Structure formats: C-alpha cells, structure tokens
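Peer 1: Mind having a look at this structure? Questions to follow.
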Amino acid sequence: MYPMEPTYTEHINQLIKEGKPVKEAIIKEYIDKHNTTQADIGEDYYYKRNDITKRVIYKYDNDGKKVIDTDATNNKLASGRHKLLVDQKVGYLVGDPITIGYRDDTDITEVLDLLGDDLNDYLTELVKNASNRGNDWLHPYIDEKGNFDYIVIPTQEIIPIYDNSKRKNLLAVIRYYKLDHDDIVKVEYWDEREVTYYEIVDGKLVLDATEEVNPASHFTYYKGNQSEGYGWEKVPFVEFKNNEDNIPDIHFYKDTIDVYDRIMSDSSNTIEDIQEFIYLLKGYSGEDIDNAITNLKRYKGVAVDEEGGLDIVQGEMPINSIDSFLDRLRETLYEEGQGVDTNTDKFGNSPSGIALKFLFSLLDMKASTMERKFIKALKQFMWFVCEYARMSGVGDYDSSKFKFTFNKSMLMNDAEQVTMAQQSKGIISDETIAENHPWVSDVEREKERMANEQPSFDLDDEVDNDGEEDE
C-alpha cells in the first residue's frame, strides 16, 4: 500500500530512467485510469450539447411507479453562452497573427519558413481547445520526405508522464486513439528516443503487427543511399495550458449556464402548455369536454343546467420576473466567465479609451493568464524547430532568444487614438505611431505608401527660367 510501495508513476519513471522497456500492463493501466470527463464537458457545451439536451421528465403512474412522461412538453433550449465566451477569448488573443522576433539582429526568415502559414491557424485551434479542454498538445515531427511539420493532438488522446519532482520534465507520452473504420484502439508510447506502437485488441494491449519497425526511431535521416534512425532526445510533445491547473473555462460557470437553460426551457414549456383562455364549466349537460369545446366553436355557447354556468379565466405568466431573473443570470455569467458584455449600456454610445479598457479588463485578465502559458509552450516548441534547423543546415539558432507577441484585439475609440497619434508626433518615432494608428494594419506597407507620396527633389524646380535660384 502506498506510500510503502511505489505507485505506477514512480515505477514507470524508474524504468524510463534505467532505460528499460515499459511493460504493456503498466501502459494499459494508465489508459484504463485516464479520465477525460473534464475535457469532454467543455467541448459538449461549446457545441451546445448542454446537460439540458439530455433532460427527461418523469411522472408517477397509478401504481406509484416513476416512469417517463412521454406526453409532457419538454423543450430543451441549450444556450450558446459558453461558445460566445470562448470565441471572445480566441478573437481577442489570436484574432490577429502573433509577431515572432529574435533578441538580436539575426535573420530568422528561414525559421519562419519552417513554421509556414499553419502556426497562426494552429494557435487559434489551441486557444479554443485549451479553453474547452483545459489543455491541448502540439506534436512536432519530421515527415517521410525529411521536412519539419507539426500537428495538434487532442488532450483526450494524451497521457503525459512527468518526473515526480515538479512535473516539469516530460519523461514519456502515451497516445491512444480509435480508428474510424473499426473498433481497434491504436496506442503509441513515446519516450525521448523512440516510439513503440501497440493495439488494444479484445481488451489486451499487443504490439502493432502492421508496423515494420517496432519500436521505431522518432525520425529517419537520409544521406545518399544510407538511412539512420534518430531520436529528438526529448519527448516530441508540447503542452499548451489554459491555466496553471489545466482547468477548462466551463468549470467556473457551468452551474449558471445550467440554471439559465432550465429557466428558458421551462418557460418555453409553460408558454406551449398554457392556453390563452381556460373555460370553467358548471352543470354542463353534455357527455364530454371535447363536445363542449366543439359547441363553443360552432354555436358560440353550451347548454348547462339551472345551477350551471360558464366562466372564462385568462392564463398568465410572470414574464417580467422571468426576464429580470434571466438578465441577472446573464450578468453573473459574464462576470464568472470573464467576458465582455457587449450589450451593456453603462458606457454610452461612444465610450472613451479608459471605459473600453475597463470593459475588457476581465477578458484581458483571463487571456493574459493563457498568454503566459502559451509563450512558455512556444519556446519549448521552438527547441524542436531550432534542432531541425541545425540538423538540416538551415542555421544555428537559440530557442530561448525567440520572442512572441500576442497582438490582442480590443475595441478602441478611433477618434481618441488619432488625436493621441497626432499629439505624439516628435515625442515618439513615426513607426511607433503608425503601429498604434487605428487605420494601419500593415506598418511596412504603410511606410512604402508614405514614401511613394513624398514629393521627389528636382533641381529644375529650384531654378527659375532665368537661371536664378529661387529665394
């Protein structure tokens, strides 16, 4: 019993450090214990698969047994509030491409070429996924043609194995996923040097017979007719965290969304169930209520006895109370979700820059937490890029010297920005002014345009027709 006996994690860590193969039973144990519930909830609510969509209404039958009420009105109105909050965060943090720089004047064009155009698209995907799942993973690799590439791996497929000390050193990764066309689960065990391929067949973990080389090196380096397998000497997976604890955004406001969904759905049920008029019949001499309704529609009346009568009651709903409560829930949701309530009327039609910063303060705080985690992850990812650049002869770069700037997209008061730019002339550089001008999206292109608009110097323009210089 722990702590007298080592845990599975401690045992597998020791095997990795000693360079011994990890037993299939341990890998299978990790997979069986892997819990993806937290990540699945965030994704479900992003795609409007809220808990309300699974609601079942029950009733008690004549025997007192609880059964499903198939006749009950059961609207299931799932709100898209979680998607709205996540999309706000994505648009704010990575709506504009990030800027990649280097600490000295080294030309990094070739490194940027290695990254290609996919990085900003993948960052958008990573921000969305990490917000929904708590974290996500980027997997760098070298393809069959020897080119550097990378893909996003869902966190539900990844089981990281860290050094027990501070969970900083990634010792190994277990990746498992199910193929679309069959029930076989593919399993990959990655360490710092190689990858071993498995399959789960009939509940048992066995080596993948379809792999010719197993275990295999991370990649193969070709030189002429010769080829040799190499390992990165690091586990080729980089974790992109939503926050320090890998908690998805939905965790902080799921209960509020569930209450909002229930109120909306129940109100919809009541509106459908309630009739505009309820008829109270007394002393009706007809056989059934259906006959009475028919007579009301056809003859505008019904026959009753001497003590009978017909009263009409109008059904009503407390709409104002419901609207007020939903508005309160909505405000609470934006506070708990740290989003921007764009429907607020507190700042008027043309809010100042200070008011806009206050409006975006919660979103900025939430995004800044992710920004710090992502910058750290990007530097870890750049280690693999720089290592490939060194191996392929592209150049020798230091991954720690790369700088990443997230160009956050915040609403601004354009009139204030233009005025501030004009007043800053002569105090700061023209390039800084151009970078912060609301109408400039590409500074380099704007500089070219300004250069083309400058009047060219012509000596003939400075000399009059008599050959005399103008004063």
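Peer 1: Given the peptides 61-70, 265-274, 247-256, arrange them by the average over their residues of other C-beta atoms within 10 Å, most packed first.
Peer 2: Going by the mean number of other Cβ atoms within 10 Å, highest first, we get 247-256, 265-274, 61-70.
Peer 1: Thr37 to Leu179: extension gain in nm, 0.36 nm per residue of separation minus the Cα-Cα distance?
Peer 2: Numbers: separation 142, 0.36 × 142 = 51.12 nm, distance 2.04 nm.
Length gained, Thr37 through Leu179: 49.1 nm.
Peer 1: Okay, moving on. Treat each spin label as a single point 7 Å out from the Cα along the C-beta direction, and report the Ile247 to Ile57 distance in nm.
Peer 2: 3.6
Peer 1: Let me ask something else about it. With label points built 7 Å along Cα→Cβ from the Cα atoms of Ala216 and Thr405, find their separation and express it in nm.
Peer 2: 4.2
Peer 1: Report the Rg/Rh value for segment 170-216, based on alpha-carbon coordinates and the Kirkwood definition of Rh.
Peer 2: 0.98
Peer 1: Note down the magnitude of the dipole of segment 17-109 about its Cα centre, charges +1 on Lys and Arg C-beta and -1 on Asp and Glu C-beta and zero elsewhere, to the nearest 20 debye.
Peer 2: Dipole magnitude for segment 17-109 comes out near 460 debye.
Peer 1: Here's another thing I want to ask about it. Relative to the present Cα-Cα distance, how much length would full extension add between Lys379 and Lys76 at 0.36 nm per residue of separation?
Peer 2: The Lys379-Lys76 span can extend by a further 104.6 nm.
Peer 1: May I ask you to work out the translational diffusion coefficient for segment 31-115 at 4 °C, viscosity 1.567 mPa s, via Stokes-Einstein with Rh from the Kirkwood sum over Cα pairs, reported in whole µm²/s?
Peer 2: It comes out at roughly 71 µm²/s.
Peer 1: Assuming a viscosity of 0.692 mPa s and a temperature of 37 °C, what translational diffusion coefficient in µm² per second does Stokes-Einstein assign to segment 75-160, Rh being the Kirkwood radius over Cα pairs?
Peer 2: Using the Kirkwood radius from Cα pairs, D works out to 213 µm²/s.
Peer 1: Given a 1.4 Å probe and the protein chains all in place, what does the accessible area of Trp190 round to, in Å² to the nearest 10?
Peer 2: Here the accessible area works out near 20 Å².
Peer 1: Let me ask something additional. For Asp202 and Lys65, what does the FRET efficiency come to when R0 = 30 Å and r is the distance between their Cβ atoms, rounded to the nearest 0.05?
Peer 2: Between Asp202 and Lys65 the formula returns 0.15.
Peer 1: Express the carbon and sulfur contribution to the solvent-accessible surface of segment 43-135 as a percent, rounded to the nearest whole number, probe 1.4 angstrom.
Peer 2: Working: 2250 of 5070 Å².
Ligands and nucleic acids excluded, carbon and sulfur give 44 percent.
Peer 1: Run the 1.4 Å probe and let me know the accessible area of Lys425, rounded to the nearest 10 Å².
Peer 2: For Lys425, the solvent-accessible surface is approximately 130 Å².
Peer 1: Same structure again: Enter the accessible area of Asp202 (Å², nearest 10), with the probe set to 1.4 Å and all protein chains included.
Peer 2: Only protein atoms counted, so the area is about 150 Å².
The values are calculated or read from the model by the stated rules, or taken from the named source; none is laboratory data. The shown structure was predicted, so the numbers you read here are calculated from the model rather than taken from an experiment. Virtual Cβ from ideal backbone geometry, glycine too; neighbours counted across all protein chains shown. For the accessible areas, the whole protein counts, side chains as well, though only heavy atoms, and no ligand, DNA or RNA atoms are used. Shrake-Rupley method; radii C 1.70, N 1.55, O 1.52, S 1.80 Å.
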